1. Return the residue satisfying two criteria in turn: it lies in the range 132-173 and is among the polar types (S, T, N, Q) and part of a loop (DSSP other than H, G, I, E, B), and of such residues it is modelled with the highest pLDDT.
2. Considering (1) buried (at least 17 other Cβ atoms within 10 Å of the Cβ); (2) under 30 Å from LEU355 (Cα atoms), say which one ALA239 fails and leave the rest.
3. Select from the range 208-230 the residues that are closer than 14 Å to VAL147 by Cα and in contact with a strand residue (DSSP E or B) (Cβ under 6 Å, 6 or more places away or on another chain) and write down the one among them that is surrounded by the fewest Cβ atoms within 10 Å (Cβ to Cβ).
4. Evaluate the following for ASP451: is it modelled with pLDDT under 85 and not in a strand (DSSP E or B)?
5. What number of residues within the range 414-448 satisfy the criterion of being part of a helix (DSSP H, G or I) and in contact with a helix residue (DSSP H, G or I) (Cβ under 9 Å, 6 or more places away or on another chain)?
6. Return the total of residues in the range 344-369 being part of a strand (DSSP E or B), over 23 Å from LEU483 (Cβ atoms) and open to solvent by less than 30 Å² (accessible area, probe 1.4 Å).
7. So how many residues does the range 201-235 have that are within 26 Å of the chain's Cα centre (by Cα) and not small (Gly, Ala, Ser)?
8. Output the number of residues of the range 140-196 satisfying the condition of being farther than 25 Å from ASP496 by Cβ, out of contact with any Leu (no Cβ under 7 Å at 6 or more places or on another chain) and among the polar types (S, T, N, Q).
Amino acid sequence: MDWNEQHDELTPAEPPVEETSELVPEPVPVSPPTPEPVAEVEPEPVPEPEFDPEPEPEEKTSLLKKEISFRRKPKQPKQPKARQEKAPRQRGSGLKKEISLPSFGRKKGPLDEDLAPEPEKKARASRRQRAGKERSSGSAKRSKRLVGLKIGGSQLAAARIVNNGVPELVQVAREPLGTGIVVGGELREPERLAEELKAFFRKHKLPRQGVRLGIANNRIGVRMFEIAGIDDPKQLENAIRFRAQEALPIPIEEAVLDYHVLGERTDDDGQVVRKILLVVAYRELIDRYVAACKKAGLRLSGIDLEAFALLRALGEPLGEDAPASDAALVVVAIGHDRSTFAVSDGRVCEFTRVLDWGGATLDVAIARELNCAPSEAEPVKRELTLAAANVPDGLTQDQADRAREAVRRQLQTFARELVSSLQFYQNQPGSLGIGEIVITGGTAHLGGVADELQRLIGVRVAVGDPLLRVKLGKKLREADEQLGSLAVAIGLGIED
């Protein structure tokens, strides 16, 4: 049974949408909900909304007419409070250091093993000792070399980056991936993937060590919450496990989780309140990818969410002393059969969702209009542009116009998905206004796609530059290869 049928809380069903040619948001004032009271050291179980709870439908209101705010939400007047001492954000949180999800690479076992503090402390001490030996032997530079690996629905993409000061992109590679191996982010045929990875790394002479794998799936949940009054590391981990168990839509023994402390503050009662970023995924989902990579002879240095990698590649992180931004950065990577949607405040990923829409949707739409196979429609899509009435090779003017209209209709559907996701994000406490939407991926480079989405949504839409954070190596300086579909792989290779 499909994950979305069992657990629609991670991918909320969208309310009915009225068809319209443009997305014209009507300003509607939104007031943030009153903050929840601070929990005690031994919190009583309090039911909380699960990942991506289903938004309440609004009667007789089209999604296209709901508000997308361009400014920070107005705050309700507060009673005078004692001055709070704020601790600086931990360096490396969110955009500056992804969650490497070390537990994803472990064998199936109780969650206590994933969160046990003492073994983790010993492991960290052992790693520090090894790192010291590497530095003394002059091998520290090798630990900064990463290969970002994205396994998509239609291709494998890799980016080799040397992280020494400014990240340097020294090699890129991509190859088509056999149909049916990965569908909607789910690995269906691990044996075939292992063989494809072997051939891919051998052909492009990519290092098999220091590989960081990206994943994106609706069976992965991201959540932020606060925990107050707990200083002991072991008690903090137990409290996080307790909160995770409340929100998990799956049995806890079937899940793996990882968390990161984003920052801390002191409340009115003098208690330390820590902000936690929690990532939860099905263990079986992760184990399949880990097993395939291991069989291909790859040594994974970590597993990261594609949303985090996108934000690292396409958004310059704010410095420690930089003022908070009033506008959120929204990044959308349009893949083959799905798109990754991520929102950041400039420091951390605040919201992410995987949309069931990709470039293959346009192939099918064009194929139906021209009465041909989707594989035959794909070259037509690449030549087609929405900015002019061009005629791709082999088509008549009438066929080209019909194909263009089919693309526009599908972009309207995609725009509604984006609007719904933006509204869901802005319904969260502390959400920001939307400054612009940055799109990437092969489909993002089709002529006129960004302008059409901007017209439909009413928010500035720009094609992102995946080379924003990196400098090109000597061998890539003359390269004119389109790098849009490599944005995730590049972000995976960046180590901040």
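The values are calculated or read from the model by the stated rules, or taken from the named source; none is laboratory data. Not measured: the values here are computed from a predicted model. Positions of Cβ are backbone-derived with ideal geometry, glycine not excepted, and every protein chain shown enters the neighbour counts. All accessible areas refer to the heavy atoms of the entire protein, side chains included, with ligands and DNA or RNA removed. Shrake-Rupley method; radii C 1.70, N 1.55, O 1.52, S 1.80 Å.
1. Taking the range 132-173 first, the residues among the polar types (S, T, N, Q) are 136-137, 139, 143, 154-155, 163-164, 171.
The next check asks that each one be part of a loop (DSSP other than H, G, I, E, B); those that pass are 137, 139, 154, 163-164.
Details: SER137: 42, SER139: 39, SER154: 88, ASN163: 92, ASN164: 86.
Going through the qualifying residues, I end up with ASN163.
2. Only one criterion in (1) buried (at least 17 other Cβ atoms within 10 Å of the Cβ); (2) under 30 Å from LEU355 (Cα atoms) is unmet by ALA239, namely (2).
3. Looking at residues that are closer than 14 Å to VAL147 by Cα and in contact with a strand residue (DSSP E or B) (Cβ under 6 Å, 6 or more places away or on another chain), I get GLY210.
4. No: the conditions fail for ASP451.
5. Counting residues in the range 414-448 that are part of a helix (DSSP H, G or I) and in contact with a helix residue (DSSP H, G or I) (Cβ under 9 Å, 6 or more places away or on another chain) gives 12.
6. The first filter runs over the range 344-369 and keeps only residues part of a strand (DSSP E or B), leaving 344, 349-355.
From what's left, over 23 Å from LEU483 (Cβ atoms): 350-351, 353.
Among the residues that remain, those that are also open to solvent by less than 30 Å² (accessible area, probe 1.4 Å) are: 351, 353.
Looking only at that region, the number is 2.
7. 19
8. Within the range 140-196, residues that are farther than 25 Å from ASP496 by Cβ, out of contact with any Leu (no Cβ under 7 Å at 6 or more places or on another chain) and among the polar types (S, T, N, Q) number 1.
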